[in-house]
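Since the structure comes first, as structure tokens, the remarks are kept for the end.
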Amino acid sequence: MRGEVVIAGIGATAFGKLGRDTISLNVEACRNALEDAGIEKDAVDALFVKTPTSRREFMYGQKLAAAMGLQPKLGGAWDQGGAANITLISFAAMAIAAGQCEIALVCYADDPRSGARDVYARPRGEDAAYGWFSTAAGYAMIHRRYVIEHRAPPEAFGAVAVTCRANGAANPRAQLRKAITMDDYLASPWVVEPLRRDDCCLVSDGGAAVVLMSAARARSLNVRAPVPILGFGHGQTSAPLHERATLTSTMAKVSAATAFKMAGISPQQVDVAQIYDCFTITVLMTLEDYGFCAPGHAAGFVAEGRIAHDGDFPINTSGGLLSESGMPGLQLVHEGVRQIRGTANRQVKNARFSLISNQGGVMDTHATLILGG
Amino acid sequence: MTLPLPERTTLTQPYWEALERQRLVFQECSCGQRWAAARPQCPKCLRTDRWQWRDASGRATLISWVIYHVAYHPAFAERLPYNVAIVELEEGPRMMTNVIVDDFADLKAGMPLELNVQHDFGVLLARFAPAR
């Protein structure tokens, strides 16, 4: 089904501190995505939403459908952390290809900045008495092990932060528009050592949505700028850190390999990538697990300036989670779409293959999307 | 905000009794799988009736660690900075713990450690210290 389904429209809310409930943010994002696709709400017959991270709600998909006045054939809410957005895009694409629905909305919204963010500080597993709290600490544990195994210098992590912050500073929609130097990064205070503040993504309110339909349907509806989905893949590590055979490679490898196989391209053919950057370590490990560089070689790869917007492998061209919005993942898909449309703020010339990685939990879930013209 | 503490259950009773003797136990299944965090079923063969408690030697090595400079729970606010570590028991299973050191600079990957059970927060904690 390579290229059979397209992303026909994208829409988002503002990013930052918004003080609005997640249903209203989802509705706004969906309305904007439908407008971008140039289609009417009533044409939508599937509605897939990633559950808000910061608050557990039951029947959330149905609440959203009710708020939108929709009676979809297919839909619901999916809980899989930050990889859920690309997973839902994949599910929607497969449902369209299988004839189960025709036009699908995939969306996500959350309000941890103005609402509750306890979820990111919660104890991990049964080990609260040892002080084992927070999402950040899990990534810090992996970061440390990566440094032990590969002798990566702090500057390797800093190169990711500096790149994303520079791209975010150039993005008028970004929540944090403040570029940093390597010295700023190195002086940034510890949160959970070895994580510095500038290794950590933003906490953001916001919503985003995409509209999917078949390529044939997009042609018949005269959709302005459809972007074909060439490949996707998934992989789930799904184990607490102390039960993983390795901390420095994950099922992201399987996710990427599946997507590359479906798209029929190699990692070396990717022109621009939006790499899930909840923490800088995630970017380094994704570069390796996806095959953009050899295992243990990400530090050298990023140090050469290749990931900057004018490098030969530009990443996170709108600022990523470190600078545009800490919202988990769908904004990266938007930027991947803009790169193929040729409308990105930091447009990569002649971008033909655009890749997006999503990741959730503490590297528990992984999803990969490849778009192309 | 109360600190969620580990509970004594029928399943974990032998684990707590071992800690009272300054010993650590882990589970081993007849399929060969060994694990440290107590659970009723083997994560490999999924059987509930083929595992036994085994005594750990108490010797372990340091796999990775982090140092908290921010308290995510008020119970740890006065303890900053503190470490949390993953250690690998000599018998194979890995677990989350704290390593008792005066200076975090003494923490080195692969360093030999030994069990040091401590009373804290009203429970027994299987901590580790550098091997003597």
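The values are calculated or read from the model by the stated rules, or taken from the named source; none is laboratory data. Keep in mind the model is a prediction, meaning the values are calculated, not measured. Every residue, glycine as well, gets a Cβ built from its backbone with ideal geometry; the counts of neighbours run over all protein chains shown. Note: accessible area is taken over every heavy atom of the protein model, side chains too, but ligands, DNA and RNA are not part of it. Shrake-Rupley method; radii C 1.70, N 1.55, O 1.52, S 1.80 Å.
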- Item | Occluded residues from segment A:125-157, i.e. those whose accessible area drops by 40 Å² or more once the chain is not alone (1.4 Å probe) | A:ALA129, A:TYR130, A:GLY131, A:TRP132, A:PHE133, A:MET141, A:ARG144, A:ARG145, A:ILE148
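Say R0 is 45 Å: what FRET efficiency, to the nearest 0.05, do A:GLU149 and A:GLU40 get from their beta-carbon distance? Mind dumping the intermediate values first?
Working: r = 54 Å, r/R0 = 1.19.
E(calc), rounded to 0.05, equals 0.25.
Are any of the pairs A:LYS73/B:LYS44; A:LYS50/B:LYS44; B:LYS44/B:LYS108; A:LYS17/A:LYS253; A:LYS50/A:LYS253 more than 27 Å apart by Cα-Cα distance, and if so, which? Each step should come with its number before you reach the end.
Numbers: A:LYS73/B:LYS44 39 Å; A:LYS50/B:LYS44 31 Å; B:LYS44/B:LYS108 31 Å; A:LYS17/A:LYS253 35 Å; A:LYS50/A:LYS253 23 Å.
Long pairs (Cα-Cα over 27 Å): A:LYS73/B:LYS44; A:LYS50/B:LYS44; B:LYS44/B:LYS108; A:LYS17/A:LYS253.
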- Rounding to the nearest 20 debye, state how big the charge dipole of chain A is about its Cα centre with +1 on each Lys and Arg Cβ and -1 on each Asp and Glu Cβ. 440 debye
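In Å², and per residue, what accessible area does chain A have when probed at 1.4 Å with the other protein chains present?
36 Å²
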- Query: Of the heavy-atom accessible surface of the protein assembly as shown (probe 1.4 angstrom), what whole percent is carbon and sulfur?
  - Reply: 50 percent
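When the chain is fully extended, how far beyond the present Cα-Cα distance does A:ARG352 get from A:THR181, taking 0.36 nm per residue of separation? Before the final figure, lay out the partial values.
Working: separation 171, 0.36 × 171 = 61.56 nm, distance 3.09 nm.
Gain on stretching A:ARG352 to A:THR181: 58.5 nm.
Just the number, please: buried accessible area between A and B, total of both chains, 1.4 angstrom probe, nearest 100 square angstrom.
Values: alone 14640 and 8080 Å², together 20100 Å².
So the total buried area for this chain pair works out to about 2600 Å².
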- Note on the structure: Taking N as the residue count of chain B, its alpha carbon Rg divided by 2.2 N^0.38 Å gives 1.10
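Which FRET efficiency value, to the nearest 0.05, is calculated for A:THR343 and A:GLU4 with the Förster distance at 30 angstrom and r the Cβ-Cβ distance?
On the way: r = 23 Å, r/R0 = 0.78.
FRET efficiency, A:THR343 to A:GLU4: 0.80.
Run through the DSSP bridge list for chain A and note the antiparallel percent, rounded to the nearest 5.
Values: 36 of 49 bridges.
If we restrict to bridges inside chain A, about 75 percent are antiparallel.
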- Task: Would you mind getting the Kirkwood hydrodynamic radius of the protein assembly as shown from its Cα pairs, rounded to one decimal in Å?
- Result: 23.7 Å
- Selection from A:GLY320, A:GLN236, A:THR248 lying farthest towards where the dipole of segment A:236-339 points positive, charges on Cβ: A:GLN236
- Task: Run the numbers on chain A and let me know its relative contact order in percent, using alpha-carbon pairs under 8 Å that are six or more apart.
- Result: 25 percent
- Dimensions in Å of segment A:1-130 - Rg and Dmax from alpha carbons: 15.9, 54
- Query: With a sphere of radius 12 Å drawn around the Cβ of A:LEU186, what net charge do the other residues whose Cβ falls strictly inside it have (Lys, Arg +1; Asp, Glu -1)?
  - Reply: -3
- Query: For segment A:147-191 and segment B:58-76, what is the separation of their Cα centres, given in Å?
  - Reply: 25 Å
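Say a site is exposed when it is one of the GluC sites (Glu not before Pro), sits in a DSSP loop, and has at most 16 other Cβ atoms within 10 Å; what is then the longest site-free stretch of chain A?
Values: sites that count: A:GLU4, A:GLU40, A:GLU57, A:GLU102, A:GLU304.
The longest uninterrupted stretch comes out as A:103-303.
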